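Below is one structure, written out as structure tokens; comments come after it.
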Amino acid sequence: GSELDAFVTPQLGQKFLRNVRRLDEAQATLHALVARSPSLAQNLATQQQVAESDALSSCIVQPFQRMCRYSLLFKEIVKKTDESHRDYKALVSVKKKFDGISEATNQVKESAELADRVKQLYSMFGDVAPPAAAAASTRTE
């Protein structure tokens, strides 16, 4: 209870969000490597057929999805824990922390998607450059 509460700190959330902001960069790097390396592309294609999914790309995303699932997990744990249990308050605290991380993650993702949509709209007009705020990446630290 309290050990986990002490582990889930604002710093953990900040580190996690820093990595969320770099997720697109990691996926773009993977795609660039695949484009430059026919043997890597072939190996990944073989892996996809065996796994019936984009396994490597899934591995990049999985930690972020898992972190957001902790909020749901602790919601259920708190629901099934008696309020008189010695760890109840710590569990509620941990749940709130993971709720905050999940909410911040969703906000980062939504901001990045909005910035991408704005860039796409501006690209439809050719020479018209997007405003500096839209052109700046929302994925920077």
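The values are calculated or read from the model by the stated rules, or taken from the named source; none is laboratory data. Quick caveat, the model's predicted, so the values are computed rather than measured. Neighbour counts are summed over all protein chains in view; Cβ atoms, including those assigned to glycine, are modelled from backbone coordinates with ideal geometry. With ligands, DNA and RNA removed, areas are computed over all heavy atoms of the protein, side chains included. Shrake-Rupley method; radii C 1.70, N 1.55, O 1.52, S 1.80 Å.
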### Task
Give me the distance in nm between label points sitting 7 Å out from Cα along the Cα-to-Cβ direction at Val50 and Leu33, one decimal.
1.7
### Task
Note down the accessible area of Val118, probe 1.4 Å, to the nearest 10 Å².
40
### Message
Sort Cys68, Cys59 by heavy-atom solvent-accessible area, probe 1.4 angstrom, most to least.
### Response
Cys59, Cys68
### Query
If you count, for each residue, the other Cβ atoms within 10 Å and average over each peptide, how do 36-42, 26-32 line up from highest to lowest?
26-32, 36-42
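Ignoring ligands, DNA and RNA, how do Lys109, Lys95, Lys119 rank by accessible area with a 1.4 Å probe, largest first? Present the calculation step by step, with values, prior to reporting the outcome.
Details: Lys109 115, Lys95 45, Lys119 70 Å².
Putting Lys109, Lys95, Lys119 in descending order of accessible area: Lys109, Lys119, Lys95.
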### Query
How much of Arg66 can a 1.4 Å solvent probe reach, expressed as accessible area in Å² and rounded to 10?
110
### Summary
Ordering Leu73, Leu12 by the accessible surface of their heavy atoms, 1.4 Å probe, largest first, yields Leu73, Leu12
### Message
Tell me the relative contact order for region 2-109 as a rounded percent, counting alpha carbon contacts under 8 Å between residues six or more apart.
### Response
41
### Task
Take the alpha carbon gyration tensor of region 17-111, find the square roots of its eigenvalues, order them as a ≥ b ≥ c, and report rounded if a/c is under 1.5; if not, report prolate when a/b exceeds b/c, else oblate.
prolate
### Query
In the full protein assembly as shown, how much of Ile77 is accessible to a 1.4 Å probe, in Å² to the nearest 10?
60
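So what is the relative contact order of region 69-110, in percent, for Cα pairs below 8 Å that sit 6 or more residues apart? Don't jump to the answer; show the numbers that get you there.
Details: 20 pairs, mean separation 18.6, N = 42.
Relative contact order here is 44 percent.
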### Query
Within straight cross-link reach of Lys79, meaning Cα distance under 23 Å, which lysines are found once same-chain residues fewer than 8 apart are removed?
Lys89, Lys95, Lys96, Lys97
